[in-house]
Amino acid sequence: RPRVLSGIQPTAGSFHLGNYLGAVRQWVALQESHDAFYMVVDLHAITVPQDPAELRANTRLATAQLLAAGLDPDRCTLFVQSHVPEHAQLAWVMNCLTGFGEASRMTQFKDKSAKQGADRASVGLFTYPVLQVADILLYQANEVPVGEDQRQHIELTRDLAERFNGRFGETFKVPAPYILKETAKIYDLQDPAIKMSKSASTPKGLINLLDEPKATAKKVKSAVTDTDTVIKYDPAEKPGVSNLLSIYSTLTGTGIAELEQKYTGKGYGALKTDLAEVMVEFVTPFRDRTQEYLDDPETLDSILAKGAEKARAVAAETLAQAYDRVGFLPAK
Ligand code: TYM
């Protein structure tokens, strides 16, 4: 079976709709056909300041949400990044292969450090993408299911894999991004020019999966569309409506064309009311299942312990090979 690997940060608490549609949903599907490794990236989380107790709670919360979304520990390897020390170890090697200018060109770093103020941004934030490179290469992943915003990091991963292989001999698989066109970028409901993210300017544009379903329905109903009334998929001219259609289509498995047909002659109100209902039907059981997993932390922790053990077996083998290729003297 081909292998996939991906990760999600635990920091936001609730996953948002963009995380789910852009990534986690694909993770669930791929565990059926692929040898799948999924992790909660707590090492990445501390690139910006974290409260320790909150980080610990959010790591369990992220795990609970992944299980609630449909990850099955019998079908995939689900683990926490810091439980596998090889991530930090390979990251060091990769840091030494990455150009300073190359790292400086990563747009996510530029955005985040601009927000924090360049002097306050940590060196960890700067090398964040290199840690992600190590995450992926350790598992010899063929594909990496993510949203569009991660494409540049996968490109860097490919570059570094090729650089290492070229310099030290064939060691790493060069991975490909796995990005589904329809859900590559879910947009903010209030500002369809920007991606949905937890740093949205107004909470009204952000659908948190763990919010009260009623509040979620309200956000959908007040989503920004346009002054026209035609329900048509046209991301350039009608970004708000197109975003709603993408979400609707993906959550229900109904084709966009079919939805356009269904809403011919009907107004935006009808579309939003129906989508609000679809959303409530999706988030209600998701919240309940998440709570059930949270109520049983022992099961959660034992799932993660098993996952870490499986992950380490793979990661340790790759790291040993990389260390050897680099010229490190084996520890006897
Ligand atoms: P993170 O935690 O920010 O986001 C998790 C996943 O959600 C996707 N995503 C979106 N997709 C579509 N539309 C949106 N509006 C949207 N917002 C977020 C992201 O693309 C991501 O796939 N750096 C990664 C975590 C990471 C990782 C890895 C991923 C660490 N190591 C190794 C893959 C492989 C991140 O910050 O994801």
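Each value in this text was obtained by applying a stated rule to the coordinates, not by laboratory testing. Treat the numbers as computed from the prediction; the structure is a model and nothing was measured. Methodologically, a virtual Cβ is constructed for each residue, glycine included, from the backbone with ideal geometry; neighbour enumeration extends over all protein chains shown.
Mind checking which of Thr252, Thr127, Thr227 has the largest fluctuation in a GNM of the chain, springs on alpha carbons under 10 Å?
Most flexible of the set in this elastic network: Thr227.
Testing the spin-label approximation: label points 7 Å from Cα along Cα→Cβ at Ala320 and Lys115. State their distance in nm.
Distance between the two pseudo-spin positions: 4.1 nm.
Quick one: putting +1 on the C-beta of Lys and Arg, -1 on the C-beta of Asp and Glu, what dipole do you get for segment 198-332 around its Cα centre, in Debye to the nearest 20?
320 debye
Quick one: which residues, 5 or more positions from Ala176 or on another chain, have an amide H under 5 Å from its amide H? H modelled 1.01 Å from N in the peptide plane, none for Pro or chain starts.
Glu143, Val144
What is the distance, in nm, between label points placed 7 Å from the Cα along the Cα-to-Cβ direction at Asp295 and at Lys218?
Calculated label separation equals 2.7 nm.
Report, in whole Å, the centroid distance computed from the Cα atoms of segment 168-225 and segment 66-107.
First find each Cα centre; the distance between them is then 21 Å.
Sum up the charges of everything whose Cβ sits under 10 Å from the Cβ of Val224, counting Lys and Arg as +1 and Asp and Glu as -1, but leave Val224 out.
The answer is -2.
State the answer as a single residue: which of Pro330, Tyr293, Thr318 lies farthest towards the positive end of the charge dipole of segment 279-332, with beta carbon charges of +1 for Lys and Arg and -1 for Asp and Glu, about the Cα centre.
Positive-most Cα among the choices belongs to Pro330.
Can you work out the FRET efficiency for the pair Ala29 and Leu329, with r the C-beta to C-beta distance and R0 = 30 Å, to the nearest 0.05?
0.10
Given the options Ala176, Ala276, Ala193, state which has the largest fluctuation in a GNM of the chain using a 10 Å cut-off (strictly under) for Cα springs.
Most flexible of the set in this elastic network: Ala193.
Read phi for every residue in segment 15-21 and hand back ³J(HN,Hα) as whole Hz from Karplus 6.51 cos²θ - 1.76 cosθ + 1.60, θ = phi - 60°, with x for Gly and Pro.
So the J values, rounded to whole Hz, are 5, 9, 4, x, 4, 5, 6.
Arrange the following residues from fewest to most other Cβ atoms within 10 Å of their Cβ: Phe15, Phe328, Phe126.
In order of increasing Cβ crowding within 10 Å: Phe328, Phe126, Phe15.
Can you give the local net charge around Ser197? Use residues other than it whose beta-carbon is closer than 9 angstrom to its beta-carbon, Lys and Arg +1, Asp and Glu -1.
Net charge in that neighbourhood comes out at 0.
At 7 Å along Cα-to-Cβ for each site, give me the label-to-label distance between Lys181 and Glu277 in nm.
Calculated label separation equals 3.1 nm.
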